[in-house]
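The structure appears right after this line, and notes come after that.
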Amino acid sequence: MNKPILLLLFWGFSFSVNSSSSKAWQAFHQKVNHKCSSLIKKHYHKILRVNVIPYGSKSYGIATIEFTSKKTIVCIYNKKTKLAELTPIIEQ
């Protein structure tokens, strides 16, 4: 097989891997956002912004939830158990 064909095959393979990985990370982002937002809304009413940290860690998804410019809560999402927990309010 010549080089151009090999490069084309490699490019097609890497594109399919990246697109499926992108979809998986997008689904993970949505799970963390949904779990953390639902949990927060049980305790607090006004949320300015939910910021899911891309990829989290090996075992956890992590999101910061801002209430005001000076108050934040961190949400930790367990990838294995699918449960989320909140830290106390962090005042900056």
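The values are calculated or read from the model by the stated rules, or taken from the named source; none is laboratory data. These numbers were taken from a predicted model, which means no experiment stands behind them. Please note: Cβ atoms are built from the backbone with ideal geometry, for glycine as well, and neighbour counts cover all protein chains shown.
Here are a few things to note about the model shown:
- Residue pairs whose Cβ atoms lie under 7 Å apart, sitting 6 or more positions apart in sequence or on different chains, and linking a residue in the stretch 27-55 that is farther than 13 Å from residue 65 by Cα to a partner that is hydrophobic (A, V, I, L, M, F, W, C) and outside any loop (DSSP other than H, G, I, E, B), are 29/52; 55/25.
- Within the option set 45, 29, being farther than 17 Å from residue 80 by Cβ and surrounded by 17 or more Cβ atoms within 10 Å (Cβ to Cβ) holds for one residue only, 29.
- Within the stretch 65-87, residues that are closer than 16 Å to residue 38 by Cβ and in contact (Cβ under 8 Å) with a residue 24 or more places away in the chain sit with their Cβ atoms under 6 Å from residues that are surrounded by fewer than 16 Cβ atoms within 10 Å (Cβ to Cβ) and of a type in the set (Ser, Thr, Tyr), at 6+ positions apart or across chains, in these pairs: 73/87.
- Output for the stretch 69-79, where each listed residue is surrounded by 11 or more Cβ atoms within 10 Å (Cβ to Cβ) and either modelled with pLDDT under 90 or of a type outside the set (Lys, Arg) (or both): 71, 72, 73, 74, 75, 76, 77, 78
- So residue 50, is it surrounded by 14 or more Cβ atoms within 10 Å (Cβ to Cβ), closer than 20 Å to residue 24 by Cβ, in contact with a Ser or Thr (Cβ under 7 Å, 6 or more places away or on another chain) and of a type in the set (A, V, I, L, M, F, W, C): yes
Here's the yes/no breakdown for (1) part of a helix (DSSP H, G or I); (2) modelled with pLDDT of 80 or more; (3) touching a helix residue (DSSP H, G or I) at 6+ places or on another chain (Cβ under 6 Å):
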{"position": "9", "(1), (2), (3)": "yes, no, no"}
{"position": "13", "(1), (2), (3)": "yes, no, no"}
{"position": "18", "(1), (2), (3)": "yes, no, no"}
{"position": "30", "(1), (2), (3)": "yes, yes, no"}
{"position": "33", "(1), (2), (3)": "yes, yes, no"}
{"position": "38", "(1), (2), (3)": "yes, yes, no"}
{"position": "54", "(1), (2), (3)": "no, yes, no"}
{"position": "81", "(1), (2), (3)": "no, yes, no"}
